[in-house]
Amino acid sequence: MCIRDRISTGDKDMAQLVSPHVTLINTMNNVLMDQSGVVEKFGVRSDQIVDYLALMGDSSDNIPGVPKCGPKTAVKWLTEYENLQGVMDNADNVGGKVGEHLRDSIEFLPMSYKLATIKTDVVLEQSLEELRIGVEDAEGLLELFTELEFKPWVV
């Protein structure tokens, strides 16, 4: 039996963390996303999500990206060139206005990649043992869920 960790979020950036051991669950619609779900939703593998986000940019996260590069273009480039570095290395082969935008963006794309990357190497003050789930405090959880208005979880 494979034990999986679940991250509860609707944030597309978190798709980069999906692996054989990590899935996402969007508790707003109860959709569970594993590796095949990432490909189905975004058209790229979870290990390509950072490249995808860096190419498209995200104004809410202050990631510049390539102007006029939307999801379809990002998927096309990543399918053809595998990753951001491959896209940058082949920028001269990309035609049209979006190719011009790509070439104009080359200088800051590594920064966009860095901004889109979720750091997973952060040192924690607690040990893994201290973070393990202990005995459930049903009364405390009910109080917290009520206070935070997590109505579906209040049973």
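If you place +1 on the Cβ of every Lys and Arg, -1 on the Cβ of every Asp and Glu, and leave all else neutral, what size is the dipole of the stretch 1-83 about its Cα centre, to the nearest 20 Debye? Each step should come with its number before you reach the end.
Details: 8 positive and 11 negative charges, 44 e Å.
Approximately 220 debye in magnitude.
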Given Cβ charges of +1 for Lys and Arg and -1 for Asp and Glu, the option among Gln126, Val94, Tyr113 whose Cα lies farthest towards the positive end of the dipole of the stretch 76-136 is Val94
As a percent rounded to 5, the proportion of antiparallel DSSP bridges among beta bridges in the stretch 1-107 is 55 percent
Rg from C-alpha atoms of the stretch 112-152, normalised by the globular rule of thumb 2.2 N^0.38 Å, equals 1.83
Ranking Ser19, Phe145, Gly43 by how far each Cα lies towards the positive end of the charge dipole of the chain (+1 on Lys and Arg Cβ, -1 on Asp and Glu Cβ), the top one is Gly43
Length-normalised contact order of the chain, Cα under 8 Å, at least 6 apart, in percent, tallies to 16 percent
For Leu148 and Val135, extending 7 Å from Cα along the Cα-Cβ vector and measuring point to point gives, in nm, a value of 2.3 nm
Yeah, the stretch 22-85 with a ≥ b ≥ c from its alpha-carbon gyration tensor (a/c under 1.5 is rounded, else prolate when a/b outruns b/c, oblate otherwise) is oblate
Dividing the helical contributions, -39500 (n - 2.57) per DSSP H run of n ≥ 4, by the residues of the chain yields a 222 nm value, nearest 500 deg cm²/dmol, of -11500 deg cm²/dmol
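Rule-based calculations on the coordinates, nothing more; no lab input. All values reported here derive from a predicted model rather than from experimental measurement. Cβ: placed from backbone, ideal geometry, glycine included. Neighbour counts: every protein chain shown.
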